[in-house]
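Presented below is the structure to which this report refers.
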Amino acid sequence: MRERLVVGNWKMNPPNIADAVELARAVAARPHGGVVVGVAPPTIALAAVADALRGRDIAVYAQDVHWEERGAFTSQIAASMLRGLATGTIVGHSEVRRDQCDDDARVAKKLARVAESGLRPLLCVGESAAEHGAGDATAVVARQIELDLAGASRRGLERLVVAYEPIWAIGTGNPATADHASAAARAVRAALKRAGLDADIVPVLYGGSVSARSVAEFAKADGIDGALVGGASLDPDEFAAIVRAFG
Ligand code: PGA
């Protein structure tokens, strides 16, 4: 049986570190029904959230890292700087691809660094609205997997998690259908196999407007093992309901 995993991607929320700590405590206080839970706070709150969750069964993820380890990279953080603060990091989120011009070559360099660092990589892939409209979703995610994994050592990817996040579904209130997510998960696993990974043990999460209302169909969708949750992860009760749906 594959691990069932739900991660809250807080993005550029909540408004300050104190509120991030409060949210972390609220997440930790709710029952999770045996599901593995993670939170990805903004960088500035990582240390405080890591402290608040120490000894609790909740993984802390960064939202992004740089591919270099040191040097003149203003505003960036290195994978090694996360030691003691995070056990994993998101790589290739579509908002980072969009706002920081991360293409697959840059995502590949980041993923390679994360794999080498011992952090757990949570790689995001997903098609745009135009690609979706053209019926290209599975081809797009297969290509992203191929390009994004190009430089990473296979040993460093043993704990890889992939989040399938169709860009058109993120933050819109309109999630994909479970069938669409399952088809994408199949394409992801086929591409992972071609890349030499044991795809059957890689958790594939669905992300894009997952809510307490929409989660049930993803929880039973073939090949989907959890969720990457944005907006709804800021409400600890709703997040806990989403987590438990995968239990
Ligand atoms: P959303 O975001 O749940 O707010 O759609 C998901 C994500 O971007 O990870």
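The values are calculated or read from the model by the stated rules, or taken from the named source; none is laboratory data. Because the structure is a prediction, the values reported are computed rather than measured. All Cβ positions, even for glycine, are placed from backbone atoms using ideal geometry, and neighbour counts span all protein chains on display. All accessible areas refer to the heavy atoms of the entire protein, side chains included, with ligands and DNA or RNA removed. Shrake-Rupley method; radii C 1.70, N 1.55, O 1.52, S 1.80 Å.
Can you name the condition, by its number, that A50 falls short on among (1) surrounded by fewer than 22 Cβ atoms within 10 Å (Cβ to Cβ); (2) on the phi > 0 side of the Ramachandran plot; (3) under 18 Å from the mean Cα position of the chain (by Cα)?
Condition (2) is where A50 drops out.
Scanning segment 1-58 for residues that are closer than 23 Å to S80 by Cβ and in a loop (DSSP other than H, G, I, E, B), which turns out nearest to the ligand (Cβ to nearest atom)?
W10
What number of residues within segment 158-176 satisfy the criterion of being over 13 Å from the mean Cα position of the chain (by Cα) and closer than 11 Å to V125 by Cα?
So the answer is 1.
Anything in segment 119-148 that is out of contact with any strand residue (DSSP E or B) (no Cβ under 8 Å at 6 or more places or on another chain), over 18 Å from I224 (Cα atoms) and either acidic (D, E) or not in a helix (DSSP H, G or I) (or both)? List them, or say none.
The answer is S128, E131, A134, G135, D136, E146.
What number of residues within segment 186-209 satisfy the criterion of being part of a helix (DSSP H, G or I) and within 15 Å of the ligand (Cβ to nearest atom)? Lay out the reasoning, then the answer.
We begin by selecting, within segment 186-209, every residue part of a helix (DSSP H, G or I); these are 186-194, 199-201.
Those still in the list that are within 15 Å of the ligand (Cβ to nearest atom) too: none.
The number of residues fulfilling the criteria is 0.
Would you please name the residue that is farthest from the ligand (Cβ to nearest atom), looking only at residues in segment 149-174 that are surrounded by 13 or more Cβ atoms within 10 Å (Cβ to Cβ) and part of a helix (DSSP H, G or I)?
G156
Of the residues D237, D222, D179, which single one is part of a loop (DSSP other than H, G, I, E, B) and either open to solvent by 10 Å² or more (accessible area, probe 1.4 Å) or touching a Ser or Thr at 6+ places or on another chain (Cβ under 9 Å) (or both)?
D222
For segment 13-47, give me the residue count where each residue is touching a residue at least 40 places away in the same chain (Cβ under 8 Å) and surrounded by 14 or more Cβ atoms within 10 Å (Cβ to Cβ).
Within segment 13-47, residues that are touching a residue at least 40 places away in the same chain (Cβ under 8 Å) and surrounded by 14 or more Cβ atoms within 10 Å (Cβ to Cβ) number 14.
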